[in-house]
Amino acid sequence: MYGGQAVIEGVMMRSPRYYAVACRKPDGTLTVMDEPLGASLLGRLRWLNRPFLRGSLALVDALALGLKALSYAANVQAAAEAELAEAAREARGQARSGSGSKVTEMAIGATLVLSLALGAGLFVVLPTLLTQVVQGALGVTAATGRNVLDGVIRITIFLTYVSLISTMHNIRRVFQYHGAEHKAINTFEAGRELTLENAVGSSRIHPRCGTSFVVVVLLATIIVHSIFPRPEHALVRVALHLALLPLVAGASYELIRWAGRCRNSAVLRVLLAPGLWSQALTTREPTPDQVEVALAALQNVIGREQGSDSIPSADVPAASNAA
């Protein structure tokens with residue numbers, strides 16, 4: 001499978017054996033890097049490469065690769081801004097600062113840890129506590145009803161959160177690159193030539209998207225939690241929810257994989273409809289130059305898989321029709 005993710009002013013694409021990150025610099029040039037993927041957790045722990053077990057490991061692999069891609073993209077922008085600042089100082093006749101700007105993987109890792117803590121607070125702890133507060137007022141007494149209420153609150157918080165952050169300029173641009181990544185992958189999977197015209201006309205919605213995965217996880221949580229007893233103490237319920245996350249993620253991962261292989265199935269379209277609808281929030285219609293970035297990354301990994309470099313890992317000028 002080919003897939004990817006949006007990064008800062010760019011797109012990361014991965015193939016079975018390689019990944020590439022393409023970024024647009026502030027001066028409009030496009031820079032591309034690629035590397036072999038190396039051994040994944042699933043590759044090293046083949047005995048866990050089984051349905052419902054491999055989901056959590058695949059997520060860890062995706063997070064690790066995402067961190068590398070984000071680190072590269074952040075450093076591309078930081079280095080370009082540092083160069084512009086130095087040029088401005090020289091134009092004013094000031095001495096060079098002698099200090100560069102580099103975003104370390106440790107800094108991005110710390111951000112990830114904070115994000116995971118925030119996610120656990122928003123989507124596990126807060127819904128559980130809110131259910132505890134409002135269940136009496138709503139007259140919800142059955143365990144199944146409270147699990148459904150948990151799920152509804154959790155999904156509402158998620159959609160509200162995404163809607164709010166999408167109003168931020170930088171996040172909106174990331175969502176545009178997310179749409180560009182989907183357009184490139186949809187063009188490729190449709191068997192069409194990877195031209196800018198074809199990709200711009202493709203859909204920005206994809207069934208194997210991380211957003212769909214999150215929504216499927218939120219819905220699957222309701223079903224899985226209904227199977228287990230519901231502890232009365234809120235903190236015990238939070239601990240149970242966290243403990244069941246690998247099971248929920250594993251089941252959701254299998255459904256998303258199935259969706260990628262059988263994307264024209266009517267049953268799957270119904271099951272995945274909420275996730276597909278949510279992509280209207282996490283993707284935005286990209287500009288042609290953003291689609292060009294996604295195509296550059298995808299063409300690079302396709303070329304590496306085929307044993308040839310389809311695009312050099314260097315700076316190239318923007319397309320003439322770039323916005």
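The values are calculated or read from the model by the stated rules, or taken from the named source; none is laboratory data. The model shown is predicted, which means the values in this text are computed figures rather than measured ones. Cβ placement follows ideal geometry from the backbone for every residue including glycine, while neighbour counts extend to all protein chains displayed.
Observations
- The one condition from (1) surrounded by 13 or more Cβ atoms within 10 Å (Cβ to Cβ); (2) more than 24 Å from Ala73 (Cα to Cα); (3) out of contact with any Asp or Glu (no Cβ under 6 Å at 6 or more places or on another chain) that Asn186 does not meet is (2).
- Screening segment 162-221 for residues that are modelled with pLDDT of 90 or more, within 30 Å of Asn147 (Cα to Cα) and part of a helix (DSSP H, G or I) and picking the one that is nearest to the chain's Cα centre (by Cα) gives Val162.
- Qualifying residue in segment 187-206 (condition: of a type in the set (A, V, I, L, M, F, W, C) and closer than 17 Å to Ser56 by Cβ): no
- In the set Leu194, Leu138, only one residue is loosely packed, with under 13 Cβ neighbours inside 10 Å and over 26 Å from Glu254 (Cβ atoms); that residue is Leu138.
- Residue check, Leu244 at pLDDT 85 or above, in a loop (DSSP other than H, G, I, E, B) and not acidic (Asp, Glu): no
- Residue check for Ser203: surrounded by fewer than 16 Cβ atoms within 10 Å (Cβ to Cβ) and among the hydroxyl-bearing types (Ser, Thr, Tyr): yes
- Some residue of segment 233-240 being over 16 Å from the mean Cα position of the chain (by Cα) and not in a helix (DSSP H, G or I): yes
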